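Novice: Provided herewith is a single structure, encoded as structure tokens, for subsequent inquiry.
Just so it is clear, none of the values below were taken in a lab; they were calculated from the coordinates. Just so it is clear, the structure is predicted and the values come from calculations on it, not from any experiment. FYI the Cβ positions are ideal-geometry reconstructions off the backbone, even for glycines, and counts take in every protein chain you see.
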Amino acid sequence: MVSVAILDDQPEAAATLAALVETFSVRAGTTDIIGCTDGVPTSFAVTCFTSASELIGRIIDGYEPDIAFIDIVLTEPAPSPNTADNAPAGADQTGIDLVEQLLAHRPTTQIVYTSGYDTFHTKVYRTPHVAYLAKPFRRDDVAYALTLALAAREHTNDEALCFRLKGSERIVRPAEIRYLESKLHVVHVHTARDTFEVYGRLAALLGELPTRFVRCHQSFAVNLDAVTSLGASSLTLIGGEEVPVSRRMRAGVRDALFAHLRIRHAMR
């Protein structure tokens, strides 16, 4: 599940954008954006905010959005007659100011700016962001922004992870991990070199890894890059390991594996 925050001081605009985002899903193991056939949001958890302080407060309390759509003009005083393009004369705080605070607390959040004005295209480069959406929102533009944000998130999540072990720390790149195995409150991380244990939940660890890591069983998840074949009830990995696949999850794993292979082939 990808967490999406939408900040807009106009609730109607936030609701419109949320409704558009919720018509999409992302194919497991990829960054492919697809339309939901039943109109039910299956992959994006959207939360709307109407003020910068509300969003920052939630983030300080532990909210961790993967993607944030940030309206640049958060207050709308009467425009000056001399202001070009009918842009607002000023604001107490812009979305650009807010993003500087947001990234200080949550640097991995992917930012998409939104605005109904034409005067901010250069100012947004004060902060990292993946896209700039003009209002009114168009479905194709929203889909493209989500694609860019997911691709950037994938790249960010490919960075090395630091695992705290007993009396030490272990630095591991996601590419080194072949599969994960959960036993009670311990996750066994299987790499090409060895296996080590970390305390925590499998779902939480998957949230820190790229989308090519897919859950295939209640207690197992695999790196699709390491898969060589899919059988009736198991996956075979490049080291010869056999990882179980539950009957309930097999169809989703198969779709994710084939989509992942198509992407790898296209990148060659």
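Novice: Which value in nm describes the separation of the simple spin-label points at R170 and L261, placed 7 Å from the Cα toward the beta carbon?
Specialist: About 3.0 nm, to one decimal.
Novice: Check cross-link reach from K183 to the aspartates and glutamates: straight Cα distance under 15 Å, and skip same-chain residues fewer than eight apart.
Specialist: E197
Novice: Further, regarding this structure: Could you sort 142-150, 98-106 so that the peptide with the highest average Cβ count within 10 Å comes first and the rest follow in order?
Specialist: Packing order, densest peptide first, comes out as 142-150, 98-106.
Novice: Where does region 98-256 land on Rg(C-alpha)/(2.2 N^0.38 Å)?
Specialist: Ratio of Rg to 2.2 N^0.38 Å for region 98-256: 1.28.
Novice: Can I ask one more? Would you kindly work out the equivalent ellipsoid of region 162-267 from its C-alpha gyration tensor and give its semi-axes, the square roots of five times the eigenvalues, largest first in whole Å?
Specialist: For region 162-267, the semi-axes come out at 23, 15, 12 Å.
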